[in-house]
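Any read-out appearing in this document is the output of simple, stated calculations on the displayed coordinates, not a laboratory observation. The structure displayed is predicted, hence computed values, not measured ones. Backbone-built Cβ (ideal geometry, glycine too); neighbour counts: all protein chains shown.
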Amino acid sequence: MKKSLLLSGIFASMLFAVACENKFDYYYYTPEEYSVITESLNLPELPPKYAAELPSHLRNAGLSAPAINSDEATLGRVLFYDKKLSSDGTISCASCHKQEIGFADDRAVSVGVESREGTRNSIALSSVANFAAYYGTDLNGSAGIPFFWDNRAGTASEQNIGSMTNPLEMNMQSHEITAAVKAQPYYAPLFNKAFGSTEITTEKVSAAIASFVNAMGSYQSRFDAGANESTSQYGGANYNSNFSSFSAAENRGKGLYMTNCASCHTSSFGRPARLLSNNGLDAVVTDKGVGGISGVSSEVGSFKVPTLRNVAITAPFMHDGRFQTLEQVIDHYSTGIQLSPNLASELRNGNAPKKFNFTSEEKSDLIAFLGTLTDDVFKNDTRFASPFK
């Protein structure tokens, strides 16, 4: 009797659960909200997780990726690709950071609203292992790496507001940004999920874009796989060892890189080894770079040191986009370094610029190795692709 009553109770509970499931369907967005969203956007019913899972060799090097609010990142993704946030409706953040080429631009300097040319090359966002791991003073305190070639922005929010309000880029004012966003019906439900309110402010717009950018990271290249394999159980990766998955040319190129380039660009391709440097592009400096912002004379002509991830697909190169190919970049370091007062010590031989004098084979090997830094997974990740229909 007791067993019969127990079975009857379990059966009744199951029926109640099914009835509740049918009666009270769960919706992340309400059907009305999702209908509004999907009129213009290809977004899934449930936002994807924007969590970075850094490879073991970077974790052992001390890097960790903090949590990212997926609702804010989803909203930021839409804002990142929305051309309505520019004064003439032709430019978005993605116009100068194209996913298919590593979130870089294929022009020496990008073109903004009304075909206005910028002054510097757009930095490839895929050059970073993970923005949240070591970029931004808001996430990483005084140790946070700043943004822009001249390191003038401390956070991703400062960076994107700087681009949206730059007359040569998106050319918007604060009130124009909020008006443009409020005019699009798909934003209300997205803001509601991200911030618990449909209220739209410039600060929230900037914060959402920052969450999207901070979620970005490239850490699934062939180099990362090889570095993981070289990581011992109790220590870090042996970046100087031959990687079994590399060709002979790629391993030779890696050796050349570690010997000649890693002191500035880092061995792990994680956090950059140097914050800024003058790499001898010009004997007479016309763009003051970091020094133009800091006012420090020893920093004049110095610029951010990128970490070179995806460098094989993000041409042109340097802060002014002067080099179209990796061959030209290597030729510069081989025999073309120019002496100026603030030339980096690593690029000097006393009072003369250093000449690395790479052979043809060494140049070829270096290029082969740099190709192992390409991350096709990130380049094709739908979480970072345009959501617009």
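Here are some notes:
- In this structure, the amide hydrogen of Thr231, modeled 1.01 Å from its nitrogen in the peptide plane, lies closer than 5 angstrom to those of Asn238, counting only residues at least 5 positions away or on a different chain.
- Scattering curve values for the range 137-287, log₁₀ I(q)/I(0), Debye with Cα scatterers, q = 0.11 Å⁻¹: -0.69
- For Ala153, residues with placed amide H under 5 Å, excluding near neighbours: Phe147
- Size descriptors for the range 222-375, from the alpha-carbon set: Rg then Dmax equal 16.2, 50 Å.
- For the pair Gln173 and Thr137 in one chain, pulling the backbone fully straight at 0.36 nm per residue adds 10.5 nm over the alpha carbon distance.
- Computed about the Cα centre, the dipole magnitude for the range 202-294 is approximately 80 debye when only Lys and Arg (+1) and Asp and Glu (-1) carry charge, each at its Cβ.
- Histogram of C-alpha separations across the range 47-218, 5 Å bin width, %: 2, 9, 17, 22, 21, 16, 10, 3, 1, 0
- Per-residue ellipticity at 222 nm, computed for the chain from helices alone with -39500 (n - 2.57) per DSSP H run of at least four residues, works out to -11000 deg cm²/dmol.
- Cα centroid separation, the range 75-125 to the range 47-67 (Å): 27 Å
- Residues in the range 248-258 carry Karplus couplings, in order, of 4, 5, 5, 5, 5, x, 4, x, 5, 5, 4 Hz; the curve used is 6.51 cos²θ - 1.76 cosθ + 1.60 with θ = phi - 60°, and Gly or Pro positions show x.
- Direction-averaged projected area, Cα convex hull, the range 59-139: 6.9 nm², rounded to one decimal.
- Fully extended contour minus Cα-Cα distance, from Asn228 to Arg152, at 0.36 nm per residue: 23.9 nm
- With the biggest extent put first, the Cα atoms of the range 117-220 measure 35, 33, 27 Å across the principal axes.
- Comparing Cα centroids, the range 219-254 and the range 131-172 end up 32 angstrom apart.
- Per residue, the convex hull spanned by the Cα atoms of the chain amounts to 182 cubic angstrom.
- Between Val205, Phe191, Ser268, the Cα set farthest toward the positive side of the dipole of the chain (charges on each charged residue's Cβ, about the Cα centre) is that of Ser268.
- Angle between the chain longest axis and helix 31-40 axis [Cα atoms, degrees, rounded to 10]: 30 degrees
- Rounded to the nearest 20 debye, dipole of the chain from Cβ charges on Lys, Arg, Asp, Glu: 720 debye
- Eligible lysines near Lys254 by straight Cα distance, threshold 22 Å, same-chain separation 8 or greater: Lys354, Lys355, Lys363
- Length released on extending from Ile293 to Ala183, taking residue separation times 0.36 nm less the Cα-Cα span: 36.0 nm
- Residue (of Phe147, Gly226, Met318) at the positive-pole extreme of the chain, dipole from beta-carbon charges: Gly226
- Around the amide H of Leu276, modelled in the peptide plane, lie the amide H atoms of Val305, all under 5 Å away and 5 or more residues distant in sequence or on another chain.
- Folded to 0 to 90 degrees: helix 202-215 orientation relative to the chain principal axis, Cα: 70 degrees
- Spin-label pair Ala385-Asp331: with each label point 7 Å from Cα along the Cα-Cβ axis, the two points sit 3.7 nm from one another.
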